[in-house]
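Contents: one structure, followed by commentary.
Every number in this text was worked out from the coordinates using simple rules, so none of it is lab data. Not measured: the values here are computed from a predicted model. For neighbour counting, all protein chains shown are included, and Cβ atoms are generated from backbone atoms with ideal geometry for every residue, glycine included.
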Amino acid sequence: MSKRRFALDHKAITLSVKVEMFVKTQVVIVGGGPSGLLLSQLLHMRGIDSVVLERRTKDYVLGRIRAGVLERGLTDLLREAGVADRMDREGFPHHGTLISYGDEMFRINFSEHTGHMVTVYGQTEVTRDLYEARERSCGALLFNVDHVVIQDADSDAPHVTYEIAGVSHRIDCDFIAGCDGFHGVSRATIPYRVRSEYEKVYPFGWLGVLSETPPVNDELIYATSPAGFALCSMRNSNLSRYYIQCSVDEDAANWSDDAFWAELKRRIPAAQADALVTGPSIEKSIAPLRSFVTEPMQWGRLFLCGDAAHIVPPTGAKGLNTAASDVHYLYHGLRQFYETGISDGIDAYSHKALARVWKAERFSWWFSSLLHRYPDQTAFDIKMQIAELEFLRSSPAAQKAMAENYVGLPY
Ligand SMILES: Cc1cc2nc3c(=O)[nH]c(=O)nc-3n(C[C@H](O)[C@H](O)[C@H](O)COP(=O)(O)OP(=O)(O)OC[C@H]3O[C@@H](n4cnc5c(N)ncnc54)[C@H](O)[C@@H]3O)c2cc1C
């Protein structure tokens, strides 16, 4: 594939080194979050060029506190991308999880039911490792990119235009990967007549707190109670991430740390509440909960990956992991195309990715429905939740199904 480049000093870009502006590449990747970076790194390992266009600065992207539970499929992909050393050293293998309702608590043993585990390692760290790898190989990452427009994606000659510091640029390419999250431009590039959207907005959000305190438990605790849902999670042995279900229209600034800790303690079993070490929050934010899927995930030479195509409520820890499975399918399709000229993989991308996406959507919806209190819930509905929790507690078959979904369905 021919490739023309010219170099210039571009002061608006956050890197202080000389930055190349690209006029042609093989794959333009819109969005420098985990999906875009992972795809770019995997393609690089196979000699396929890409340019990543990121609207924000690197520090901004790294400042976002999000996912923390990695499925085996994602950890394998990170190893294939050559960015897993720190994760393998510092990540925590989790062989199970706890589920509580009131003072009742039981454990789902992932290893026993599936032979697999998950790894607790923050999205921020995954993203940092990917940035470092891309920078080490002088990968093309452009920050502070505005007004990205994807052009002629349904033709054989797509291109992308964008601005940096008010100066317009254009890159010609073979393919475009839309990895620009839920609010990006890629999904909207696919015409309405081609696209169908499926959405469920939940009538609550999650108030999350990050604190430099030891986690209350070695494994995650998913808790439900008459006061609502709570999650006790962690990033490392002195960094805890806790969430409580809250109303969607609340403002995190109105929650003092004391109020947060008191509410969390009401929602977890008494023994865990007594053992909870509290401290000042270092981050506090509210996330709305939504299930969303757009179909198809490709249009001509444009492919949507990750949050650009689908969103899940975070209850089953599937957001980042489903983004990774999209990257897997797209990477293999592009690799097949560049190595053999065969387009079967990229032609089937949307079909393959969506088949797995919908299963992750189902699991996230089911787990969310089981554990949250809904404003319009009747006494009967609550009895159904308790009955299902007791079934899950007592049935090895139900536990196996839960564990199979939680550790991640095969690609
Ligand atoms: C508050 C919150 C908490 C979450 N918690 C969890 C969790 O506990 N577990 C879990 O599995 N998942 C969680 N998720 C979901 C998970 O973080 C996402 O699924 C994951 O970030 C998806 O990665 P992505 O690269 O597809 O999208 P993103 O991470 O959204 O990255 C997209 C990137 O594209 C950039 N961009 C956007 N528009 C443009 C544009 N026009 N031009 C150029 N660049 C653009 C953005 O700046 C961003 O850097 C959470 C999400 C949120 C919002």
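For this structure, a couple of remarks:
- Whole-angstrom gap from segment 376-392 to segment 22-99, using each part's C-alpha centre: 38 Å
- Remark: the Cα gyration tensor places the chain in the prolate category, a/c being 1.5 or greater and a/b exceeding b/c.
- Rounded tilt (10° steps) of 319-340 against the dominant C-alpha axis of the chain: 30 degrees
- Put in line by how crowded their Cβ is, counting other Cβ atoms within 10 Å and starting with the fewest, Ile48, Ile342, Ile29, Ile176 read Ile342, Ile48, Ile176, Ile29.
- Distance between the 7 Å Cα→Cβ label points at His169 and Asp258: 5.2 nm.
- Charge dipole of segment 255-404 (Cα centre as origin; +1 on each Lys and Arg Cβ, -1 on each Asp and Glu Cβ, all else neutral): 200 debye, rounded to the nearest 20.
- Descending by average beta-carbon neighbour count within 10 Å, the peptides 314-320, 232-238 line up as 314-320, 232-238, the highest first.
- Peptide ranges 299-308, 384-393 listed from the most packed, as the mean C-beta count within 10 angstrom indicates: 299-308, 384-393
- Helix 396-407 and the long axis of the chain differ in direction by around 30°, with both axes built from C-alpha atoms.
- Computed over the chain: relative contact order in percent, which uses C-alpha pairs under 8 Å that are six or more apart: 19 percent
- Fewest neighbouring Cβ atoms within 10 Å first, the residues Thr114, Thr340, Thr224 line up as Thr340, Thr114, Thr224.
- Greater than 31 Å apart at Cα, pairs in Lys24/Lys284; Lys58/Lys284; Lys24/Lys58; Lys24/Lys359; Lys265/Lys400; Lys284/Lys400: Lys24/Lys284; Lys24/Lys359; Lys284/Lys400
- DSSP assigns beta bridges within the chain; of those with both partners inside it, close to 75 percent run antiparallel.
- Legend: ranking of residues Ser225, Ser50, Ser40 from fewest to most surrounding C-beta atoms inside 10 Å; resulting order Ser225, Ser50, Ser40.
- Rounded tilt (10° steps) of 123-136 against the dominant C-alpha axis of the chain: 20 degrees
- Taking Cβ atoms as reference points and 15 Å as the exclusive limit, the residues near Asp152 contribute a net charge of -1, counting Lys and Arg as +1 and Asp and Glu as -1.
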